[in-house]
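Below: the structure, in structure tokens.
The values are calculated or read from the model by the stated rules, or taken from the named source; none is laboratory data. In this text, all values refer to a predicted model and were calculated from it rather than measured experimentally. Cβ: placed from backbone, ideal geometry, glycine included. Neighbour counts: every protein chain shown. What goes into the accessible areas is simple: the full protein's heavy atoms, side chains included, and nothing from ligands, DNA or RNA. Shrake-Rupley method; radii C 1.70, N 1.55, O 1.52, S 1.80 Å.
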Amino acid sequence: MTDRALRIVKHHHACVELVADGSRILVDPGSLGPAPGLDGVDAVLVTHEHPDHADAAVLSAALDRGIPVHGPASVRDTLGDALDDPGAPGWRTLSPGDRLDVAGLDVVVGGGPHAEMHPDVPGPENLSYLVAGTVLVSGDRHTPWDGQVPVLVTPVDAPWLRAVDLVRYVRQVAPRTVVGVHDGLLNDTGLSIADRVLASLEREGVTRAVRPAVGEELTVP
């Protein structure tokens, strides 16, 4: 774990930013909200290729500014034209088991297939990222993880997600804090239901379960 104070900033839907003493990692800048600012960003991490997690324009802009973009091979393949030269410095293909340093923050990569969405069509590879030994961003998959995960950033709503599966995943990972994301398609009624699902996680031993508003910043242990 890191002894640097780590903050999570919610941009929109599944897009969050992890900030620690000037180090900034942008995760899953998708198309369901305004493009996040790139000033000061040290790297962009992408969990998978779906447009609500990977906006080609944002990724291309990051590379044009010399900001490294990391993600699974399917992102490179799908967005190759938009990324201009996917083999150029700045793009790095990641796989489960990889480990990297981003501006002094340790990033461990896990993952596997995207959560099932169709019985006959396999989903793309989905990577999960454990940052600074503290924050696990799951993407669209309930990736098992060995060891303690203090903070879990994971969907609270998705076409593939059932509340019972979220509860089982939280029991497995046993975080102290759950940050619910992936809420960009919900109206006010849906958001209220998502908040009730999050509140129910406190019965599973979670100390704090929240769904940040757009622009809200959370400090995590």
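Considering every residue within region 152-165, establish whether at least one is touching a residue at least 60 places away in the same chain (Cβ under 8 Å), under 29 Å from Gly37 (Cα atoms) and open to solvent by 10 Å² or more (accessible area, probe 1.4 Å). Taking every residue of region 152-165 in turn, none turns out to be touching a residue at least 60 places away in the same chain (Cβ under 8 Å), under 29 Å from Gly37 (Cα atoms) and open to solvent by 10 Å² or more (accessible area, probe 1.4 Å). Restricting to region 35-74, give me the number of residues that are surrounded by fewer than 22 Cβ atoms within 10 Å (Cβ to Cβ), within 15 Å of Val16 (Cβ to Cβ), free of Cβ contacts under 8 Å to residues at least 60 places away in the same chain and not hydrophobic (A, V, I, L, M, F, W, C). Of the residues in region 35-74, 2 are surrounded by fewer than 22 Cβ atoms within 10 Å (Cβ to Cβ), within 15 Å of Val16 (Cβ to Cβ), free of Cβ contacts under 8 Å to residues at least 60 places away in the same chain and not hydrophobic (A, V, I, L, M, F, W, C). Checking the stated criteria, Thr143 turns out to be among the hydroxyl-bearing types (Ser, Thr, Tyr), in a loop (DSSP other than H, G, I, E, B), under 16 Å from the mean Cα position of the chain (by Cα) and on the phi < 0 side of the Ramachandran plot.
If you go through region 157-205 and keep only what is over 16 Å from the mean Cα position of the chain (by Cα) and of a type in the set (S, T, N, Q), you end up with Gln172, Asn187, Thr189, Ser192, Ser200.
On inspection, Leu32 qualifies as out of contact with any helix residue (DSSP H, G or I) (no Cβ under 9 Å at 6 or more places or on another chain), touching a residue at least 24 places away in the same chain (Cβ under 8 Å), open to solvent by 40 Å² or more (accessible area, probe 1.4 Å) and not in a helix (DSSP H, G or I).
Yes or no, residue by residue, for (1) more than 22 Å from Ala43 (Cα to Cα); (2) out of contact with any helix residue (DSSP H, G or I) (no Cβ under 6 Å at 6 or more places or on another chain); (3) in a loop (DSSP other than H, G, I, E, B); (4) not small (Gly, Ala, Ser):
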site	(1), (2), (3), (4)
His118	yes, yes, yes, yes
Gln148	yes, yes, yes, yes
Asp157	yes, no, yes, yes
Trp160	yes, yes, yes, yes
Val197	yes, no, no, yes
Arg203	yes, yes, no, yes
Thr219	no, yes, no, yes
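Consider region 162-195 and keep the residues that are in contact with a helix residue (DSSP H, G or I) (Cβ under 8 Å, 6 or more places away or on another chain) and assigned to a helix (DSSP H, G or I). The one that is farthest from Val135 (Cα to Cα) is Ala163. Considering the conditions (1) small (Gly, Ala, Ser); (2) within 27 Å of Pro221 (Cα to Cα); (3) in contact with an Asp or Glu (Cβ under 8 Å, 6 or more places away or on another chain); (4) without any contact (Cβ under 8 Å) to a residue 60 or more places away in the chain, Gly97 is excluded by exactly one of them, (3).
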